[in-house]
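Below: one structure, written as structure tokens.
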Amino acid sequence: MAEALRSEYNAFSLYRIGIFVAFLAFAIWCLNLKLPSPFVISTAIFVITFGLLVKKHNRIKRKRLLYQRLLAINQEEIYRLNHQFTDIDGGEEFMDEKHSYSHDLDIFGRNSLFQLVNRAGTIKGKRLLATWLKKPSGKEEIEKRQGAVHELRPKLEWRQKIQAHGSIKPTIDKEAFFQWLSGDDMIRNRPFFKALPYLVIPISVALIVSYMMELLSLFTLIIPFIISGVFLYKILKYSKTTYVMTQSGVHILESIRNMVILIENENFEGAYLSKIRTRLMPQGIVASDKINKLNKIFDWLSLRNNQIYLFLNSIFLLDFILLAKAEQWRYAYKDEIVKWFDAIAEIEALNSIAAFSFANREYAFPIIEERPFYVRGAGIGHPLIPSAQRKANDFSVDSKGTTCIITGSNMAGKSTFLRTIGINAVLAFAGGPVCADAFRVSIFNIFSSMRTKDNLEENISSFYAELLRLKMLLEEINDEVPTFYLLDEILKGTNSVDRHIGAESLILQLNTSNAFGLVSTHDLELGKLEQNNQKIKNYNFSSSIVGEEIVFDYKLREGICQSTNASQLMANIGIQINS
């Protein structure tokens, strides 16, 4: 389809050139023979015909771009299924190493959850989805989103058209359009400027008709150009600035209008989606009609550098007419348009989760529990690990102050398991399905400390960076919402004695707080805390050595780890180990 439209697009380009050349030749012939009537009539026919061709040409162009984008969207879906994220937007603008968990859990950036989930094209759509992934919502809101996702999931063609129309070219300056929306008027509040075209146009028409009737010479046609030129010069800077700003609006409005039409024409069963749709048609007037009015104005302004437009503008003051209409539209609807963009952003965010669910139909929708301090899952896996390599585990924790200490061999899966629990909780709180056979979870704030590193500019060592991170954890714990912590290789940057004392003290302090969570460590002594503290549970990941090969099964087991592999790993790289 895209290829067929390309051929049609090229054909219309040739038609436009052919018609222009034919008109130019005929106009020169008329002027040479001093035939005013045929010249004026042919000019009028040419302007109408050329305008229709331009509109048809633009429609073909837009349709061609739509099919090209649909093709790209489906190619992206294949990349996601194969976990190839190189050319997919990672939402780098939302990355924040100081966020409570997004950096550690790979929510944004390369090989991230955002790449796996996001199908939003507009800035607001991506920003809203990022917000959902960075902060847990309430039980009612999550369940509303789940219902909307279930309804949107089977609407494959509709979802992909929304995505295609929302994917505006990255080269377009989207901010310029919003700057224009908040700009000041120059013509709307000046009655003389508003009336001027309607004073000049009758004079211009009268002179042209007089020339056609051979009552005036060709020289008299210069008069309208002089009159118009004087007034056009007065607003030249403003009209040029508006033209530059609104060029991005041509593309943005076309995309938004198409998305709005899709939403307006879709019948939603659920109350959540129906309410979003209603926001696009206050007082029964659909937003697409309002957008279409401005779109037509911008379409004309987009021709401002065209020779035909320049000719007509110099006689009929098109700039005054179009700018006045644009300003009037802005005055009437600039507050409303913010609501339109918000509604579209919400649809895009829900669309993203629905597409993620459609691509991973084996994933389970979590049940949001009323009781606090609760995580229980069966067959929990990491969504960023391909299914062929993914290892699933069962896990549960269900009481305030509980710390699950996870010991284990190097590379046995401790860190990955912490991220697995965390990233699935993020998905659950955003309203999406999770990579598990079943998952039940209460609402809590997530905090992680896993990728702390030194900062030479701020003269901070990796150990002190971890202490600052743990300080953040203690400050974030509050009595309003439980905190779920994920601490990896706790206090690894100091000597074994201080590490043990510090880790034990922190765990015991967390046991008495409004929090619960997981701590991974190589310090097997910490596992002995379970003997005298019911709030501490031991789990482990083990490995076995077969000959000189280390074998991992990545299975979570209860108890303290009984196996080690560090000596074998060192021997494998050439260190001579003294037995």
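Worth pointing out:
- Residue under evaluation Lys126, criteria (1) more than 27 Å from Ile385 (Cα to Cα); (2) at pLDDT 75 or above, criterion not met: (1)
- Scanning the range 154-171 for any residue that is part of a helix (DSSP H, G or I), touching a Lys or Arg at 6+ places or on another chain (Cβ under 6 Å) and on the phi < 0 side of the Ramachandran plot turns up at least one such residue.
- When residues of the range 73-110 are limited to those that are acidic (Asp, Glu) and not in a loop (DSSP other than H, G, I, E, B), the one surrounded by the most Cβ atoms within 10 Å (Cβ to Cβ): Glu76
- Cross-chain or 6+ apart pairs with Cβ under 9 Å, the range 65-83 first and closer than 27 Å to His382 by Cβ, then small (Gly, Ala, Ser): Ile73/Ala164; Ile73/Ser167; Glu77/Ala355; Glu77/Ala359; Arg80/Ala359; Leu81/Ala359
- Per-region count, the range 407-461, residues buried (at least 22 other Cβ atoms within 10 Å of the Cβ), modelled with pLDDT under 95 and not in a loop (DSSP other than H, G, I, E, B): 4
- The residue of the range 191-200 that is surrounded by the fewest Cβ atoms within 10 Å (Cβ to Cβ), among those that are over 10 Å from Phe320 (Cβ atoms) and of a type outside the set (Phe, Trp, Tyr), is Pro191.
- Test: Tyr333 is within 27 Å of the chain's Cα centre (by Cα) and assigned by TED's automatic domain parsing to the domain that holds Leu262: yes
- Among the candidates Lys290, Lys334, Lys275, the residue that is in contact (Cβ under 8 Å) with a residue 12 or more places away in the chain, surrounded by fewer than 16 Cβ atoms within 10 Å (Cβ to Cβ) and charged (D, E, K, R) is uniquely Lys334.
- Filtering the range 377-406 to residues that are basic (Lys, Arg) and crowded, with 21+ Cβ neighbours inside 10 Å leaves nothing.
- Top-ranked residue of the range 470-500 - restricted to ones that are modelled with pLDDT of 90 or more and in a helix (DSSP H, G or I), ranked as surrounded by the fewest Cβ atoms within 10 Å (Cβ to Cβ): Glu475
- Qualifying residue in the range 356-368 (condition: surrounded by 18 or more Cβ atoms within 10 Å (Cβ to Cβ), assigned to a helix (DSSP H, G or I), outside the structural domain of Ile187 (by TED's automatic domain parsing) and not basic (Lys, Arg)): yes
- Phe114 assigned to a helix (DSSP H, G or I), in contact with a Ser or Thr (Cβ under 6 Å, 6 or more places away or on another chain) and crowded, with 19+ Cβ neighbours inside 10 Å: no
- Matching option when the condition is surrounded by fewer than 18 Cβ atoms within 10 Å (Cβ to Cβ), in a helix (DSSP H, G or I) and either at pLDDT 90 or above or of a type in the set (D, E, K, R) (or both), among Lys325, Lys296: Lys296
- When residues of the range 490-532 are limited to those that are among the hydrophobic types (A, V, I, L, M, F, W, C) and farther than 30 Å from Arg371 by Cα, the one nearest to the chain's Cα centre (by Cα): Leu491
- When residues in the range 530-579 are screened for being surrounded by fewer than 12 Cβ atoms within 10 Å (Cβ to Cβ), at pLDDT below 60 and among the polar types (S, T, N, Q), 2 of them pass.
- Residue in the range 301-318 that is in the same structural domain as Lys234 (by TED's automatic domain parsing), assigned to a helix (DSSP H, G or I), touching a Lys or Arg at 6+ places or on another chain (Cβ under 6 Å) and of a type in the set (A, V, I, L, M, F, W, C) present: no
- Any hit, the range 306-318, residues being within 16 Å of Thr242 (Cβ to Cβ), at pLDDT 80 or above and buried (at least 21 other Cβ atoms within 10 Å of the Cβ): yes
The values are calculated or read from the model by the stated rules, or taken from the named source; none is laboratory data. These numbers were taken from a predicted model, which means no experiment stands behind them. Positions of Cβ are generated from backbone atoms using ideal geometry, with glycine treated the same way; all protein chains shown enter the neighbour counts.
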